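Taking it in order: structure first as structure tokens, then the write-up.
The values are calculated or read from the model by the stated rules, or taken from the named source; none is laboratory data. Predicted, not measured: the structure shown is a model, and the values here were computed from it. Glycine also receives a Cβ, built like all others from the backbone with ideal geometry; neighbour counts cover every protein chain displayed. Only protein heavy atoms, including side chains, enter the accessible area calculation; ligands, DNA and RNA are left aside. Shrake-Rupley method; radii C 1.70, N 1.55, O 1.52, S 1.80 Å.
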Amino acid sequence: ERRKVAGRPNIDLGVERNAQGRQDGLFEVDLKRSVKATSEDKPVFQVELVYGGLFQLMNVAEKDIEPLLLIECPRYLFPFARETIAKATSDGGFYPPFLMQQHDVADPFAPRQAQVAGDAATPHPDPA
């Protein structure tokens, strides 16, 4: 049975990205998405998904590893996570299925990069 919702439901989205090195030289990258939809303060659906991938980085400068793991790798994972959530909402009776829009994963990363660059540029007192 399809659930009909009058108007557009309120959508609360959550996004997390994590990366971790493994002993075999590969990196585990997880993209966590949470989506909660409500209409008139009643739940319509709630989905939580952790979608992961294994990545191998070769010939990458040390300074480029973190952006690759937290920006580029999640970009590869996103279409599959999007499809999984759309199918889950559709199979659960919500129509039309919920389709997440691709967001710029580099935006949340930029302030961290600026902070790291600022810390490196700040002169540290000589412990003499």
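Points worth noting:
- Members of region 73-83 found to be touching a strand residue (DSSP E or B) at 6+ places or on another chain (Cβ under 9 Å) and of a type outside the set (K, R), listed by number: C73, P74, Y76, L77, F78, F80, A81
Condition check ((1) assigned to a loop (DSSP other than H, G, I, E, B); (2) modelled with pLDDT of 85 or more; (3) over 13 Å from the mean Cα position of the chain (by Cα)) across all residues:
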position: V44; (1), (2), (3): no, no, yes
position: N59; (1), (2), (3): yes, yes, yes
position: K63; (1), (2), (3): no, yes, yes
position: F80; (1), (2), (3): no, yes, no
position: T84; (1), (2), (3): no, yes, yes
position: S90; (1), (2), (3): no, no, yes
position: D104; (1), (2), (3): yes, no, no
position: V116; (1), (2), (3): no, no, yes
position: P123; (1), (2), (3): yes, no, yes
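- Residue that is farthest from the chain's Cα centre (by Cα), among those in region 21-38 that are open to solvent by 50 Å² or more (accessible area, probe 1.4 Å) and farther than 14 Å from Q56 by Cβ: K36
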